[in-house]
1. Restricting to DSSP H runs of at least four residues, report the calculated mean residue ellipticity at 222 nm for chain A, -39500 (n - 2.57) per run over all residues, nearest 500 deg cm²/dmol.
2. About the Cα centre of the protein assembly as shown, what is the dipole size in debye to 20, counting +1 per Lys and Arg Cβ and -1 per Asp and Glu Cβ, all else neutral?
3. Report relative contact order for chain A in percent, whole number only (criteria: Cα-Cα under 8 Å, sequence separation at least 6).
4. At 7 Å along Cα-to-Cβ for each site, give me the label-to-label distance between A:SER219 and A:HIS2 in nm.
5. How shielded is B:256-262 by partner chains, expressed as the average number of their Cβ atoms within 10 Å of its Cβ atoms?
6. May I ask for the angle, rounded to the nearest 10°, between helix B:103-116 and the longest principal axis of chain B, with both axes built from Cα atoms and the value confined to 0 to 90°?
7. Applying the Karplus parametrisation 6.51 cos²θ - 1.76 cosθ + 1.60 with θ = phi - 60° to the phi angles of the stretch A:17-26, what ³J(HN,Hα) value in whole Hz is obtained for each residue in order, glycine and proline being reported as x?
8. What number results when the radius of gyration of the stretch A:34-147, computed over Cα atoms, is divided by 2.2 N^0.38 Å?
There are 2 protein chains.
Amino acid sequence: MHWSRWGDPAEAGPLPENAFALVDAFIGTTDTPAVASAEVRLSEPLDADLVAELAALVGEDHVLTDHETRLHRTRGKSTPDLLRLRAGDGSDSPDAVVRPGSHEEVLAVIDWCVAKHVALVPFGGGTSVVGGLAAQRDGFAGVVSLDLIRFDQLLEVDRTSMTAVLEPGLRGPQAEALLAAEGLTLGHFPQSFEYASIGGFAVTRSSGQSSAGYGRFDSLVVGLKVATPQGTLELGSSPANAAGPDLRELVMGSEGTLGVVTAVRVRVRPVPEVKVYDAWRWASFADGATAMRTLAQAGMLPTVLRLSDENETAINLAKPSEVGGESAGGCLMITGYEGTPAAVEAKQAAVTKLLSDLGGTRTEGGEAWAQGRFHGPYLRDSLLDVGVLVETLETVTFWSNLDHVYSRVKEALVGALGEATLVLCHISHVYETGASLYFTVATKGSDDPLNQWLAAKAAASDAMVGNGASITHHHAVGRDHKPWLAQEIGPVGVEILRAVKEKMDPTGVLNPGVLIP
Amino acid sequence: MHWSRWGDPAEAGPLPENAFALVDAFIGTTDTPAVASAEVRLSEPLDADLVAELAALVGEDHVLTDHETRLHRTRGKSTPDLLRLRAGDGSDSPDAVVRPGSHEEVLAVIDWCVAKHVALVPFGGGTSVVGGLAAQRDGFAGVVSLDLIRFDQLLEVDRTSMTAVLEPGLRGPQAEALLAAEGLTLGHFPQSFEYASIGGFAVTRSSGQSSAGYGRFDSLVVGLKVATPQGTLELGSSPANAAGPDLRELVMGSEGTLGVVTAVRVRVRPVPEVKVYDAWRWASFADGATAMRTLAQAGMLPTVLRLSDENETAINLAKPSEVGGESAGGCLMITGYEGTPAAVEAKQAAVTKLLSDLGGTRTEGGEAWAQGRFHGPYLRDSLLDVGVLVETLETVTFWSNLDHVYSRVKEALVGALGEATLVLCHISHVYETGASLYFTVATKGSDDPLNQWLAAKAAASDAMVGNGASITHHHAVGRDHKPWLAQEIGPVGVEILRAVKEKMDPTGVLNPGVLIP
């Protein structure tokens, strides 16, 4: 992953001509290059004495303090993160990167961090967009990034139970390749899939583009092994039970603040024999949303189900290579079906009938969406290069509140950023009782784009939580969403999180400043 | 509910003739009557001064100390509970029963219990079979039962989101009647349905006979309002989100130890237009279980799916009125389908084809099961009357471990109780990755049936947890399962539960002795 951009530079490229023209006309562009990587100012590397102590725990090849290694583990991939790095601010860098090779080594590194009062930031794919990797430095003797890259094995496959045990450092494609060799799939494909890790998916409650068919990541997890300052926590005796509170649901969403996940037992499914993606056009966002709700409440969800609003449809965001090109109007919906030929045929037929009955019309573009599905984030870098501020944010609420929250968040963003702001939205995760809203925002960057965005983000977050929606559907909390998490769960909820944190990590070295209000 | 028996005496009756003959021949019978209710020795009623203080909070009509009222809220409905009561031991009785009428009154009663160091036992339907109502008396100034009977309203229906807010004191049939008037159903039908309450379902992670179609109760809950010593906790901004640990999953399963649930927002579905129950016969329990697993992993679950083992099939336990009658052998499976005519027809056809392909044969008995589905518990009382010790216990594990756990638990029970012990089993809750095992045990009661059972229960529990299964699929923890919960979640898991308890209820007045190891 590039240090200040998304993904693989070979996959990136300049903004497509149509997109550039659109943005230039509507927003305006200014060449805004990033500094060179060597110019980014990082923290001082960890003292040699402390490096030697860590090296004694994990081996000297696995404690790194060079500029490039630390730079690549500095913050995540939110627009504020990128703006800071592009401007040369690497102040949240780790002082060292340590790469333990076993659960026992993770325990040892944690114990060392406790003893030395060094902050420890678990690092998986580095794709956080909520400040989940920007630990608090104040009050600590240093900050160490615990890179899980050596946890890259498929440890066990149970074909009868259809479960597999995956190590947390596996990136999405690595995990899928190991499972595919067994004829299996996890079915978890968030937009960050190519870089994000199994451990990260678990501790952030990730949700992927195929969540309608395979489920959210937290619903795929049946067991967890966690290294904590108190020792090892192993959970998951069964698919579900009545043995008290479900502590798996405390570890999931804990974002490295309670311990380091070292193994994840997940549900797996057979590799689908067939994958088909259809596109539909709806007269309005409301019509399309009603159709999605009808499918969800009828228990007829396809594997992929997403709906772009009028703005997102108009600029073809569903097909990154064609952004700004001609659009037929209305609202684009993608329906994807994966499984055996018979199951796909039956589900596609049933969904097609229902959507047709509800007024949807079939159009082209399903396969194009599938091909470009992981390419969206590259566009942001191209826009930042020309001085356009662009970011995404998301929420989830009950169906009866969806349209209200959609309107309020759009108003908040335009109110904060001005009329020359593009706000695009899609629904990409649906439940019987509600759905997510995923916004993409683009506007002309000011002289201080960081604070320009933070003000808009705060206004949008107030609109979400103030109107009864959640501060996040699948991006998690990190540092950026903490104030709104506190509002969402209330003072008693905050006290519970603090109590668990205090018990598990009494000296507070695990990802300090993240999650816990 | 009868004070020492299940349910409504008008629904009960002597053991059917065939059943009596079977039990008499295999186990032997001895007339073993219970004491009269007036002879049960209860605790001393709460002091008049304290009663007056409580009356000031909730009104004097709602603080009761008479023998009958307290007797009816003494313990739950496990066999040990019944054996103690039948022998006249009411030592776990509450000293008073208090019936608050609002969330604010619950908060006030909690605050009063904290101030006076009086133990508080939330009471819903009184159907616990794990000692969930037998709070610790030692160290407290008294024990008060907080009866939620006045929390009996359907507070809100959201037809768009298909959610409803139910009060916790609603019994199963009351809740279903209120929802049915709106054309809706919860679809939660545990065997305790006729007496158990919405609040109890939530805090014990109940699972019902239609769980394959409607889901476990914890999967139906989207929001909770809880009165705690720290104030009010309100959870449930959305169907699902990534806003940190899911604290709903801490309240569910908390069994009254962290607070008192005063409102529950649940998913609801349309009242099914059609209900069809089929019966199937399998050559063996293993064959039937494989068929269930195939259905679950193919995403083709009917609404009801259960399978009796050879022993349970042989004595017709699936049809309480015919226990001991003639049986055709093999293993009986029930498949139930509920929904629209079209959905039922399609699902029934698909399941029928798959089960036929796997070697199942259709037989009669599906509708008979549905008619007798809530009648099983009455049999136990009839057996206790003739000196036969009978009890149920349950577990859940992954499919690959299911047969192993089944054998080990049966061995443990026969090892503890002797060869002249009937052990019956069914699978009634299935998941993609595993399933529950529900055992019914009958043996000749000894001179000390209570300790006879406790020893057998301990052996069976060791066999469950020692072989990697959970101590409970849906009966919950209470006092009876505590030692095994501690093994199942390990010392770090126990510390987490204790930390949350200490924060929420620092003086420990909420259901002391229950759940928290």
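Coordinate-derived values only; no laboratory data. Given the structure is predicted, the values throughout are model-derived calculations rather than measurements. Glycine gets a Cβ as well: all are built from the backbone with ideal geometry, and neighbour counts include every protein chain shown.
1. Dividing the helical sum by the residues of chain A leaves -11000 deg cm²/dmol.
2. The dipole magnitude comes to about 680 debye.
3. Across chain A, relative contact order equals 17 percent.
4. Each label point is offset 7 Å from its Cα along the Cβ direction, giving 3.5 nm.
5. 1
6. Computed tilt is about 70 degrees.
7. 4, 4, 5, 4, 4, 4, 5, 4, 6, 7
8. With N residues counted in the stretch A:34-147, Rg over 2.2 N^0.38 Å equals 1.02.
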